[in-house]
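Taking it in order: structure first as structure tokens, then the write-up.
What follows draws every value from the coordinates through simple rules; no lab data is involved. Keep in mind it's a predicted model, so treat the numbers as computed, not measured. Reconstructed Cβ throughout: ideal geometry from the backbone, glycine too, with neighbour counts over all protein chains shown.
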Amino acid sequence: VILDRHNRLNTADLKARLKMIDLPEGNFNADEITEFIDQMQVYEGAMYEISTKLEILDDEFQVRFSHDPIHHMERRLKSLNSIIGKLERKGLPISVNSIKDNLFDVAGIRVICNYRDDVYSVSNYLSSQSDIQVLRVKDYIKNPKQNGYRSLHVIYAVPVFLSSGAHYTPVEVQFRTIAMDYWASLEHALRYKTDLPDAKLSEHSQTLLDCSRSLQNIEVQMQNIHRDINGAPQVGEA
Ligand code: GTP
Ligand code: MG
């Protein structure tokens, strides 16, 4: 199952909104608007290519092992507002070249797996495909963030073929288990809940850290049962 967190790229709407953006250096001109829209189309193509590869892997596992490693996927293109907001926050120029050079998460896919073994097998099979490159890996499962966040982040470069040839385009893929996703959704909600008193916020943050560790233990136990059912070796307790 793939959930599209936004509709397909709407170029007319994007064009209208690009025209209205006020920049210190003056508004985008017609060529810049066209260039921006073309680039977004390339990001969309890259996102579809990687999601198709993931669906094919999931189908193969289903046929060969009667097991679906991927519970579901979510994909999205970064919105115009988020793109500009991020460039501004980082003090970078607002231009298509600046996006291409600095933003690696314009195309994003979240792959929610059933078990931790699935996270690593799916990501390893994808990473070893010869037509794509791995640009960066951040393994917050082996090394969780201080707040308890866990996920495996991989940035791939995938060739998108247009009439002008191959355009190697980055796609950020976040691989995580259902439990990691469950945790990250609540932590994300807390992060944007700014009207809570500081004492409450820090109490909740501590509880979330405890929850992250508990979920990690539950995952190991359930993974072991699943491995036993399927005749695979056990993992040690976390
Ligand atoms: P930015 O994209 O600028 O954040 O820097 P980065 O690319 O170095 O970040 P990183 O790879 O660590 O994380 C990118 C994405 O992972 C974020 O946009 C979130 O979707 C997710 N993420 C990272 N850390 C957290 C976290 O602590 N909590 C939650 N809920 N999500 C996180
Ligand atoms: Mg990022």
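Beyond 13 Å, what share of the Cα-Cα pairs of the range 24-75 remains, rounded to the nearest whole percent?
Values: 907 of 1326 pairs.
Percentage above 13 Å: 68.
Just flag the trypsin sites (Lys or Arg not before Pro) in the range 97-186 sitting in loop per DSSP whose Cβ has no more than 14 other Cβ atoms within 10 Å. The partial results should precede the final answer.
Working: sites: 100, 110, 116, 136, 138, 142, 145, 150, 176; in loops: 142, 145, 150.
Here the trypsin sites (Lys or Arg not before Pro) that fit, given the DSSP loop and packing criteria, are 142, 145.
Taking GluC sites (Glu not before Pro) as candidate sites, keep only those in a DSSP loop with at most 12 other Cβ atoms within 10 Å, then name the longest stretch of the chain containing none of them. Longest gap between qualifying sites, sites excluded: 26-236. Structural descriptor for the range 92-210: relative contact order 28 percent, calculated from alpha carbon pairs under 8 angstrom and at least 6 residues apart. Note on the chain: Kirkwood radius taken over Cα pairs, Stokes-Einstein applied at 10 °C and 1.306 mPa s, translational D equal to 80 µm² s⁻¹. Applying the Kirkwood pairwise sum to the alpha-carbon positions of the range 97-238 produces a hydrodynamic radius of 17.2 angstrom.
Distances longer than 17 Å among the Cα atoms of the range 1-50: what percent of all pairs is that?
Details: 519 of 1225 pairs.
When all Cα pairs of the range 1-50 are counted, 42 percent exceed 17 Å.
The phi torsions of the range 192-207, fed into the Karplus equation with coefficients 6.51, -1.76 and 1.60 and a -60° offset, translate into couplings of 8, 8, 8, 8, 8, x, 3, 4, 5, 4, 6, 5, 5, 4, 5, 4 Hz, rounded to whole numbers, with Gly and Pro shown as x.
The simple spin-label model puts a point 7 Å past each Cα toward its Cβ; for residue 202 and residue 15 those points are separated by 5.4 nm.
On alpha-carbon atoms, Rg over Rh for the range 125-190 using Kirkwood Rh? Ratio of gyration radius to Kirkwood radius for the range 125-190: 1.11.
Just to be sure I understand: of the beta bridges DSSP finds with both ends in the range 79-238, what percent are antiparallel, rounded to 5? Spell out each step's value before the answer.
Details: 17 of 23 bridges.
Close to 75 percent.
Quick check: Cα centre of the range 186-202 to Cα centre of the range 34-88, how many Å? The range 186-202 and the range 34-88 have Cα centres spaced 30 Å from each other. Let me know the whole percent of all Cα-Cα pairs from the range 1-129 that are separated by more than 21 Å. Considering the range 1-129, 49 percent of its Cα-Cα pairs are separated by more than 21 Å.
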